[in-house]
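What follows is calculated from the coordinates using simple rules that are stated; it is not laboratory data. If you're wondering where the values come from, they're calculated on a predicted model, not measured in any experiment. When we count neighbours, we look across all protein chains shown, and the Cβ atoms used for this are built from the backbone with ideal geometry, even at glycine.
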């Protein structure tokens, strides 16, 4: 540790100042952590209250009685399993299409030469900043003309038509960090481009595949705007949309504990995914930020 | 002829391009080009069919009257006239632009400063950073709908947690979501809950990329902690700040979910954000022409701000590789 006589504070010794700073830091961080967690704890707590106790003026943290039945009611009164499986259809398709289509296109940008490639790349980058609203209405019209309103197609197709520019970009950035020598070695062994993609590049790309898979899972699970405009029949609703509709239904607004229970159900998978794939989060977000 | 390495022709210098100026593509290069376009084909198709095409169509629609049941009818600037110059009571567009701008320019600086502060705290050499980082990140994992429902509940004037806490401190509890002056600050407060999310992680990564020898050099020169922050940290992370600012402004301008789920655009249009307005016009009133016009207004505004930021960035964003002025 380099010490400088000019930097020594006059009032306290260095170590005392440091300890004080650390204490303040810990206190602030702990406070922040509590603030971050409280709303979720509150949701959980509210979801386990019964109708009589949920609307109280006094704050009650531990429900009394603890009504586990709320969750049973939720699954019984409303087709929650249906909502979940609906959502899974969309989520799984989006995850697969994002990884597959994104990596294929990213591979092309990273490894192949072609005339017009730089133009294509510029187009890719500019679409990343495009606000989606400007394509919203015509897309709806297109899907209406194709008779796809109230189906899952509008929510699935875009992923397969090249997925998102972000995915392609991330894959490209990652692939460019893989040495070209690997490709060359494979080619000398007689591999064609397809083999190189499948057997050489992709197996080495597990981190970025995991990251993109996770982020798409989270996004597709939480998305409610797409389902909002494209789905009309309730039995097709996704979990997010169902919850949003729940809020407005007269019956449910008096049974707020069920609404809270529904929220918990929608948050849970996100937490599970996060804890399973933690390291990919920081890595993935940093990848977007630093190369951006 | 030249050697063949990695499938690419290595041609002896001077023997390459024929003097006609037209490049001769080897068989290998042609194959590669075909493969390239094959691989980006789906994306290109999607771009033309779901992005570029629709963009042009919506531009056309913004000059038309279209309600999905009759053919679009050209009306020239009428949509824009209605939006900008409606006399009664006050054109909704101006109100909408106002509240969207208010929300954006309140929440973006707050969230960037807040995430930066958090990132700085987590960057300090203390124990337990991974735990804190996890806890801070959790709120941003909550699906938007769940989060909205949660905060409706917390902000409930009578039974909500927020006012219960305030009451226990002897303070009056405001009408968070039903008072036109409180509602946008309430949304910003809600945004603070998600401070430990992606923005902060990006800042953390940026902070960890600052070379420590710069700090050491500054310390030797006698710089105190604050000076080190201003002279070393800030310039080094300015690209990250820039990145987060652009994304922040673009994102905030597109706020929709909270308005739809929590306030329905009210009270008294206080949360009638631009995208909410687009939704109302296009999907509720089926004024698809007006909706498209609004979408293009949004696009132009965002384009303007993005270009503005890129232009201004020359002044304050410091890139490591550049020569000092």
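Neighbour counting of Cβ atoms within 10 Å sorts the residues A:167, B:29, fewest neighbours leading, into B:29, A:167. Cα centroids of the range B:252-270 and the range A:91-136: 31 Å apart.
Working note: 222 nm ellipticity from helices only, DSSP H runs with n ≥ 4, each -39,500 (n - 2.57), summed and divided by the residues of chain A, gives -22500 deg cm²/dmol to the nearest 500.
Neighbouring Cβ atoms from other chains, within 10 Å of the Cβ of residues in A:136-147, number 6 on average.
Treating r as the C-beta distance of residue A:234 and residue A:61 and R0 as 56 Å, the FRET efficiency rounds to 0.95. For chain B, averaging the sequence separation of C-alpha pairs within contact (under 8 Å, six or more residues apart) and dividing by the residue count gives a relative contact order of 24 percent. Calculated [222 nm] ellipticity per residue, helices only, for chain B: -19000 deg cm²/dmol; basis is -39500 (n - 2.57) per DSSP H run with n ≥ 4, divided by all residues, nearest 500.
Averaged over the residues of peptide A:105-112, the number of Cβ atoms from other protein chains lying within 10 Å of each residue's Cβ is 5. With semi-axes defined as the square roots of five times the eigenvalues of the C-alpha gyration tensor, the equivalent ellipsoid of chain B measures 43, 37, 19 Å, largest first. Subtracting the Cα-Cα distance of residue B:309 and residue B:165 from their residue separation scaled by 0.36 nm leaves 47.8 nm. Reported value for chain A: 240 Å³ per residue, from the convex hull of its C-alpha atoms. A protection proxy built from the mean count of other Cβ atoms within 10 Å ranks the segments A:66-78, B:167-179, A:36-48, most packed first, as A:36-48, A:66-78, B:167-179. One equal scatterer on each Cα of the protein assembly as shown, no solvent, Debye formula: the resulting log10 I(q)/I(0) at q = 0.09, 0.10, 0.12 Å⁻¹ is -0.86, -1.04, -1.41. Shape analysis of the range A:163-286 places it in the prolate category; the axes a ≥ b ≥ c from the Cα gyration tensor give an a/c of at least 1.5, with a/b above b/c.
Take the Cα of residue A:30, step 7 Å along the line toward its Cβ, and report every residue of the range B:128-168 whose backbone nitrogen sits under 18 Å from that point. Residues B:128-136 qualify, since their backbone N sits under 18 Å from the label point. For peptide A:213-221, the mean count of partner chain Cβ atoms within 10 Å of a residue's Cβ comes to 1.
When peptides B:149-161, A:79-91 are ranked by their average number of other Cβ atoms within 10 Å per residue, the highest-first order is B:149-161, A:79-91.
Determine the distance separating the Cα centre of the range A:28-65 from the Cα centre of the range B:128-145; give it in Å without decimals. Comparing the Cα centres of the range A:28-65 and the range B:128-145, I get a distance of 18 Å. At an R0 of 41 angstrom, the distance between the Cβ atoms of residue B:95 and residue B:38 translates into a FRET efficiency of 0.25. Peptides B:258-267, B:59-68 ranked from most to least packed give B:258-267, B:59-68, packing being the mean of other C-beta atoms within 10 angstrom over each peptide's residues.
Rounded to whole Å, give me the distance from the Cα center of the range A:206-277 to that of the range B:178-206. After rounding, the separation between the Cα centres reads 21 Å. Gyration tensor over the Cα atoms of the range B:204-284: the corresponding equivalent ellipsoid has semi-axes (square roots of 5 times the eigenvalues, largest first) of 45, 12, 8 Å. Listed from fewest to most Cβ neighbours within 10 Å, the set B:73, A:111 follows the order B:73, A:111. Size of the range A:124-185: Rg and Dmax of its alpha carbons, in Å, are 16.7, 50.
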